[in-house]
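Enquirer: Once you've had a glance at the structure underneath, I'll fire off some questions.
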Amino acid sequence: MSSVKLAASDKTITQSSDVKPKELNKCNQLKQKGLESIAPLVLSVEETPEPISTEVRGTIPTWIRGSLLRNGPGKFEFGNQHYNHWFDGMAMLHQFKIEDGKVTYRSRFLQSDAYKKNSERDRIMVSEFGTVAMPDPCKNFFMRFLSRFEMPEATDNASVSFVKYKGDCFVSTETNYMYRVDPESLETQDKVDWTKFIAVNMATAHPHTEPDGTTYNMGNSYGRKGALYNIIKVPPMKNNPEETLEGAKVLCSIVPIDKARPSYYHSFAMSENYVVFIEQPIKIDLLKSITSKKRGERICERFFWDPKQDTVFHLIDKHTGQTNSVKFHTKALSVFHQINAYEEDGFLMLDMCCSDNGVALNNYLIQNLRKSGEALDQVYNTMYKAFPRRFVLPLNVTNDTPTGVNLNTRPTSSATSFKTAKDKVECQFEDLHGEDLYEYGGLEFPQINYSKFNTRPYRYFYGCGFRHLVGDSLLKIDLEGKKVKVWYQKGLFPSEPVFVPSTDAVEEDDGVILSVVVTPTEDKSTFLLVLDAKTLEELGRAEVPVNIPYGFHGTFNPTA
């Protein structure tokens, strides 16, 4: 029965220092023993291009009309060559179409150039995050030698998320390539290259969208003088049906603290008037990037964690493109996903899931995910977990602002902000959770009622609890009292929760949570779970008679 209650072995990403943290956080002191194998969650599966029926147990509300679209890796080898990292698997697109209380399922592999090249030769032809494509043995020795001196080609394996630009549906990763796809058939349509429209070399898979459809994103650019972080703005409307990113522009460029070693970032935050870029101490060595192909190094070997550096928050005015001269500093943190950001009473509240260490990507090597017994326990017990935290950034810091005084005057928040020098504010976070969250392994894959409460004051957020290498529970946190509700069933692994508001919603949490749940111990046992978003009580589930791997991100696409 479900319960609802209140309440790395491969050092691919290195540390730049041998200094060890003084202590692990409370969650890391809670060791796990006897973790069950999750190897079936990262095995290749066949696509299901035509919709198939599911068996519904319980009740799925008839007001839900649309499709849950999911993205993630679905193929982990070609021929006798295997990928090394979870992020490397070929993109598989999933659709759970909900109508009149019934659900159909279909899936397709994204027809990327990487997928087609690999399939044609039945070997890995395109390098991915953790896997190097070896020189083609069909070339002569001289051509294979020269190929090592070419600039590495970015993959178009868009396996991270579904996103929207100008009303169209795209799948995205963290390179300069996206694909427009048909959300009804999941068929691959146009390949889109950001570099054809603006001077960026990549863009994140987590853009933010305004109510009018205007979309913001971030992308790096690299030149002779080093790297820049760029804020991208894409207009909401198309002038003709064939358009993709026409009209996109760079709103602002930010100079890295170290141009030769810019920060890695997976996402960014946005409030009503500001884009917030988090420059974290996960760094990319550009010299290694240029020479990595010659040395046969994986992309992930360009990354390193430097705990001696601060995390820095940059604020950019969305209306003017001007960067705030004040920089907000905090200790070394790693961040993959923000929860929300909003402005109130002269402050910007920045809520995000943070870890005290930046080598988490190492944990998701395929060899780690397929371990069992004590070896699997060891991987998990050396991981740093992510927890929801709030930073309160004062927006009216001037030359006259005193130093040595906590600028956060909000009586409901324990976060602090001290001006320590001209244009520098030191910040300390406030935990957005109680002690009971440690029991559930922290929280990641955060989601809110985005359409109504993104960039606004809010009360609730949802996410996955991590008492395993992947999510093993669904959590809801109420910021009033920092209470947690939990959906958990032993042996089940739910994916990122997606909030869908009810058609007559009045309160913030009126709606449902959708999550795809995988059972590694049973064959063909995946199901779409539907929870009441208020209580996290199960309403129904739609059981799918095929195997589905554990994926990354998704979105709900309502029926027009």
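The values are calculated or read from the model by the stated rules, or taken from the named source; none is laboratory data. For clarity, every value in this text was computed on a predicted model and none was experimentally measured. A quick note on method: Cβ atoms are made from the backbone with ideal geometry, for glycine too, and the neighbour counts reach across all protein chains shown. Keep in mind that these areas ignore ligands, DNA and RNA; they rest on the heavy atoms of the full protein, side chains included. Shrake-Rupley method; radii C 1.70, N 1.55, O 1.52, S 1.80 Å.
Enquirer: Any residue at all in region 463-474 that is out of contact with any strand residue (DSSP E or B) (no Cβ under 8 Å at 6 or more places or on another chain), closer than 17 Å to C353 by Cβ and either among the basic types (K, R) or in a loop (DSSP other than H, G, I, E, B) (or both)?
Expert: Checking region 463-474: at least one residue is out of contact with any strand residue (DSSP E or B) (no Cβ under 8 Å at 6 or more places or on another chain), closer than 17 Å to C353 by Cβ and either among the basic types (K, R) or in a loop (DSSP other than H, G, I, E, B) (or both).
Enquirer: Among the listed residues K225, K259, K249, which satisfies the condition of being of a type in the set (K, R) and closer than 21 Å to K164 by Cα?
Expert: K249
Enquirer: Additional query: Is it the case that some residue within region 474-486 is closer than 24 Å to E272 by Cβ, open to solvent by 30 Å² or more (accessible area, probe 1.4 Å) and out of contact with any Asp or Glu (no Cβ under 7 Å at 6 or more places or on another chain)?
Expert: Yes, region 474-486 contains a residue that is closer than 24 Å to E272 by Cβ, open to solvent by 30 Å² or more (accessible area, probe 1.4 Å) and out of contact with any Asp or Glu (no Cβ under 7 Å at 6 or more places or on another chain).
Enquirer: Still on this structure, please answer the following. Could you please find all residues in region 314-345 being among the basic types (K, R) and either closer than 30 Å to L287 by Cα or open to solvent by 50 Å² or more (accessible area, probe 1.4 Å) (or both)?
Expert: K327, K331
Enquirer: Any residue in region 382-406 that is of a type in the set (K, R) sitting within a Cβ distance under 7 Å of a residue that is outside any loop (DSSP other than H, G, I, E, B) and open to solvent by 40 Å² or more (accessible area, probe 1.4 Å)? List the pairs, counting only those 6 or more apart or interchain.
Expert: Going by the 7 Å Cβ cut-off, the qualifying pairs are R389/D431.
Enquirer: Let me spell it out: the conditions are (1) farther than 24 Å from L365 by Cβ; (2) modelled with pLDDT of 95 or more, and K75 meets all of them except one. Which number is the exception?
Expert: (1)
Enquirer: Restricting region 276-288 to residues that are touching a strand residue (DSSP E or B) at 6+ places or on another chain (Cβ under 8 Å) and farther than 15 Å from H206 by Cα, which is surrounded by the fewest Cβ atoms within 10 Å (Cβ to Cβ)?
Expert: Only one residue fits best here, namely D285.
Enquirer: Let me ask something else about it. Confirm whether E426 is open to solvent by 50 Å² or more (accessible area, probe 1.4 Å) and assigned to a strand (DSSP E or B).
Expert: yes
Enquirer: Still on this structure: Would you pick out the residues in region 438-452 that are surrounded by fewer than 19 Cβ atoms within 10 Å (Cβ to Cβ) and closer than 23 Å to D212 by Cα?
Expert: Listed by number, the residues that qualify are Y450, S451, K452.
Enquirer: Sort out which residues of region 250-275 are exposed (fewer than 15 other Cβ atoms within 10 Å of the Cβ) and in a strand (DSSP E or B), and write them in order of number.
Expert: Matches in region 250-275: none.
Enquirer: Just for region 542-560: of the residues that are farther than 18 Å from F162 by Cβ and open to solvent by 40 Å² or more (accessible area, probe 1.4 Å), which one is farthest from the chain's Cα centre (by Cα)?
Expert: P545
Enquirer: I'd like the residue in region 361-389 that is touching a strand residue (DSSP E or B) at 6+ places or on another chain (Cβ under 7 Å) and open to solvent by 30 Å² or more (accessible area, probe 1.4 Å) and, out of all such residues, is farthest from T330 (Cα to Cα).
Expert: Y364
Enquirer: Find all pairs meeting these conditions: Cβ atoms under 9 angstrom apart; at least six residues apart or on different chains; first residue within region 100-116 and modelled with pLDDT of 95 or more and open to solvent by 30 Å² or more (accessible area, probe 1.4 Å); second residue outside any strand (DSSP E or B) and basic (K, R).
Expert: What qualifies is D100/R65.
Enquirer: Taking the stated definitions as given, is Q95 surrounded by fewer than 18 Cβ atoms within 10 Å (Cβ to Cβ), under 23 Å from E50 (Cα atoms), at pLDDT 95 or above and in contact with a strand residue (DSSP E or B) (Cβ under 6 Å, 6 or more places away or on another chain)?
Expert: It is false that Q95 is surrounded by fewer than 18 Cβ atoms within 10 Å (Cβ to Cβ), under 23 Å from E50 (Cα atoms), at pLDDT 95 or above and in contact with a strand residue (DSSP E or B) (Cβ under 6 Å, 6 or more places away or on another chain).
Enquirer: When you go through T420, T455 one by one, which is the residue that is open to solvent by 10 Å² or more (accessible area, probe 1.4 Å) and farther than 24 Å from H266 by Cα?
Expert: Testing whether each residue is open to solvent by 10 Å² or more (accessible area, probe 1.4 Å) and farther than 24 Å from H266 by Cα leaves just T420.
Enquirer: Select from region 190-235 the residues that are over 23 Å from the mean Cα position of the chain (by Cα) and within 27 Å of Y450 (Cβ to Cβ) and write down the one among them that is surrounded by the fewest Cβ atoms within 10 Å (Cβ to Cβ).
Expert: Among those that are over 23 Å from the mean Cα position of the chain (by Cα) and within 27 Å of Y450 (Cβ to Cβ), it is D212.
Enquirer: Checking T311 against (1) closer than 30 Å to P40 by Cα; (2) crowded, with 22+ Cβ neighbours inside 10 Å, only one condition comes out false. Which one?
Expert: Unmet condition: (1).
Enquirer: Right, another one. T535 - would you say it is polar (S, T, N, Q) and either open to solvent by less than 10 Å² (accessible area, probe 1.4 Å) or within 25 Å of the chain's Cα centre (by Cα) (or both)?
Expert: no
Enquirer: Here's a follow-up. Sort out which residues of region 346-356 are closer than 24 Å to K419 by Cβ and buried (at least 20 other Cβ atoms within 10 Å of the Cβ), and write them in order of number.
Expert: The answer is F347, L348, M349, L350, D351, M352, C354.
Enquirer: Which of the residues spanning region 421-466 are closer than 26 Å to S495 by Cβ and among the hydrophobic types (A, V, I, L, M, F, W, C)?
Expert: If the condition is that a residue be closer than 26 Å to S495 by Cβ and among the hydrophobic types (A, V, I, L, M, F, W, C), then L432, L437, L443, F445, I448, F453, F461, C464, F466 are the ones that fit.
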